[in-house]
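S.K.: Please see the structure below; I have some questions.
We did not get these values from a lab; they are worked out from the coordinates using the rules stated. These numbers were taken from a predicted model, which means no experiment stands behind them. Ideal geometry is used to build each Cβ from the backbone, glycine not excepted, and the neighbour counts take in all protein chains shown.
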Ligand SMILES: NC(=O)c1ccc[n+]([C@@H]2O[C@H](COP(=O)([O-])OP(=O)(O)OC[C@H]3O[C@@H](n4cnc5c(N)ncnc54)[C@H](OP(=O)(O)O)[C@@H]3O)[C@@H](O)[C@H]2O)c1
């Protein structure tokens, strides 16, 4: 149940939820690695937190395999791959919807197929789904999240009994995903989201990150999607 000396990889560990997961795992004395595309963010994490990282595109299978060939197997592999999409089914182009599903579902499917070969005994994979939003205004994103949830159920059985897979499902939270918004837009969005969340606010990063840690530490949970969303879908 402890992460001490466990080897933990956070794909997308240089910003937002993933960075918080990496720092929490490091505080629990795990041996933490992160992947992100931006070299500066990787360097900053090494400098600020002494967490080792590599800059690569985890949607590229050859770069991902190269990383695992170099760094070997892990006890836990976390994926933050995926984006966001606003737009309905009728007013978005098929290409826009396809990109959202590619980035969320197929990128993670490919990652799971590769990463599952580099899991240590009793290791686990944790993906990132998403809650909130509606099919009518977040079409491709919702399909991507639902596809992740379904994949987790299937792969859990395929990986058992040696390995586990789960997902964490946050709702809208201020992270690097929204770095294009200015502070006024961010504040407005926070207020709008909070109004529709039963708990009346947006999440703190550590509230979301601690769910990944919990799923790493509990050896008897597999195939689950843990919502950390203030009850937004209720
Ligand atoms: N924040 C929200 O409101 C929210 C809500 C529901 C679900 N989610 C889900 O949470 C995840 C995003 O996390 P976040 O909100 O914490 O966003 P974030 O702050 O933008 O972090 C994303 C992380 O993933 C890395 N990354 C993205 N694409 C990559 C790629 N192809 N290869 C390697 N690294 C990559 C980013 O680094 P680089 O940019 O340097 O590559 C960064 O470290 C997504 O799956 C998203 O769908 C977010």
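S.K.: So for 151, 85, 216, 181, fewest C-beta neighbours within 10 Å to most, what's the order?
M.R.: Ordered from fewest to most neighbouring Cβ atoms within 10 Å, 151, 85, 216, 181 come out as 181, 151, 85, 216.
S.K.: Hey, another quick one. Mind sorting 105, 220 by how few other Cβ atoms lie within 10 Å of their own Cβ, fewest first?
M.R.: 220, 105
S.K.: Please work out the Cα center distance from the stretch 87-123 to the stretch 177-234, rounded to the nearest Å.
M.R.: Result: 20 Å between the Cα centres.
S.K.: I would also like to ask the following. Nearest 500 deg cm²/dmol is fine: what mean residue ellipticity at 222 nm does the chain get from its DSSP H runs of n ≥ 4 alone, each adding -39,500 (n - 2.57), divided by its residue count?
M.R.: Per the formula, -13000 deg cm²/dmol.
S.K.: Give me the percent relative contact order of the chain, please, defined on Cα pairs under 8 angstrom at least 6 residues apart.
M.R.: 20
S.K.: To make sure I understand, if each residue's beta carbon is the centre and we count other beta carbons within 10 Å, what order do 2, 88 fall in, fewest to most?
M.R.: Lowest to highest Cβ neighbour count: 2, 88.
S.K.: Note down the relative contact order for the stretch 71-127 as a percent, whole number, built from C-alpha pairs under 8 angstrom at least six residues apart. Working shown, then result.
M.R.: Values: 52 pairs, mean separation 36.3, N = 57.
Computed over the stretch 71-127, the figure is 64 percent.
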